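Below is one structure, written out as structure tokens; the observations come after it.
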Amino acid sequence: MDPIEVSASTHVGAAPGTVYSLLADYRAGHPRILPERFFGPVTVEEGGVGAGTRIRLTVKGFGASRVLRMAIEEPEPGRVLLERDLDRGLRTIFTVDPHDGGSRVTIRTSWVPRGLGGLVERLLAPRLLQRVYAEELARLKEIVEGG
């Protein structure tokens, strides 16, 4: 089955370093952008900031929840942060680029759906993730712009 990819971007009125630092901090920063209706608490199992961090979190959607175990990588430190699911192959990439006196932040998730459930994922997950990303980006914007 072909991979599913969902992404969203926004402009944030803060320097790329400020934005990236918040995203890379899984103890105090990143959890603040996660909407409670879609995520449970983030548990840091190793590290805590950037590459080498391992986290566990609960993702909620479609009336169910599941626990994800993620390894954090920095393919381009200060610009690209990668969350790699240790069990299912899901990958979420946060990219922070300088843009118009602030930053352009993009969240992109990709995964290969499996089995019959994969057909349902292909139909419903992209729309749900767009809502999740809109909330995450709005929270990020509010935090780093001081609102």
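Projecting the Cα positions of Ile72, Ala51, Pro35 onto the charge dipole of the chain (unit charges on Cβ atoms of Lys, Arg, Asp and Glu, taken about the Cα centre) puts Pro35 furthest along the positive direction.
Using Cβ point charges alone (K and R +1, D and E -1), the dipole size of the range 1-52 about the Cα centre works out to roughly 260 debye.
Before anything else, pin down the relative contact order of the range 90-147: Cα pairs under 8 Å, at least 6 apart, normalised by residue count, whole percent. Could the numbers behind the result be given before it?
Working: 37 pairs, mean separation 13.6, N = 58.
Computed over the range 90-147, the figure is 23 percent.
Site pair Leu86 and Glu74 shows an inter-label distance of 2.0 nm when each label is modelled 7 Å from Cα along Cα→Cβ.
Extents of the range 68-147, largest first, come to 46, 25, 20 Å (Cα atoms, principal axes, whole angstrom). May I ask you to give the percent of accessible area on the chain that is carbon plus sulfur, with a probe radius of 1.4 Å? Ligands and nucleic acids excluded, carbon and sulfur give 52 percent.
Normalising by the residue count of the range 1-101, find the relative contact order in percent from Cα pairs under 8 Å and 6+ residues apart. If you can, show how the numbers build up before the last one.
Values: 166 pairs, mean separation 20.8, N = 101.
Once divided by the residue count of the range 1-101, the mean separation gives 21 percent.
To the nearest ten degrees, helix 115-144 and the longest principal axis of the Cα atoms of the chain are 20 degrees apart.
Each residue of the range 93-104 was assigned a 3J(HN,Hα) from its phi angle through the Karplus curve 6.51 cos²θ - 1.76 cosθ + 1.60 (θ = phi - 60°); the sequence is 10, 9, 10, 10, 10, x, 7, 6, x, x, 9, 9 Hz, with glycine and proline shown as x.
Dimensions of the range 13-54 based on its C-alpha atoms, expressed as ranges along the principal axes with the largest first, amount to 28, 26, 11 Å.
Its DSSP H runs of at least 4 residues, each contributing -39,500 (n - 2.57), put the calculated 222 nm mean residue ellipticity of the chain at -9000 deg cm²/dmol, to the nearest 500. Treating r as the C-beta distance of Leu124 and Ala15 and R0 as 41 Å, the FRET efficiency rounds to 0.65.
Shown are Thr43, Thr92, whose ranking by accessible area with a 1.4 Å probe and every protein chain present, most to least, is Thr43, Thr92. For the chain, the per residue solvent-accessible surface stands at 52 Å², with DNA, RNA and ligands left out and a 1.4 Å probe. Looking only at the range 73-88, which residues have a backbone nitrogen under 14 Å from a spot 7 Å from the Cα of Val59 in the C-beta direction? Those under the cut-off are 83-88. Each Lys and Arg Cβ is given +1 and each Asp and Glu Cβ -1; about its Cα centre, the chain then shows a dipole of about 480 debye.
For the range 52-68, the Karplus equation 6.51 cos²θ - 1.76 cosθ + 1.60, evaluated at θ = phi - 60°, returns couplings of x, 6, 10, 10, 10, 8, 9, 10, 10, x, 6, x, 9, 9, 8, 8, 10 Hz by residue, with Gly and Pro reported as x. Could you tell me the distance between the Cα centroids of the range 4-73 and the range 83-147, to the nearest Å? Between the Cα centres of the range 4-73 and the range 83-147 lies a distance of 10 Å.
The values are calculated or read from the model by the stated rules, or taken from the named source; none is laboratory data. It should be emphasised that the depicted structure is a prediction, and the values quoted were computed from it without experimental measurement. All Cβ positions, glycine included, derive from the backbone under ideal geometry; neighbour counts span all protein chains shown. Each accessible area value is taken on the protein alone, full model and side chains, heavy atoms only, with ligands, DNA and RNA left out. Shrake-Rupley method; radii C 1.70, N 1.55, O 1.52, S 1.80 Å.
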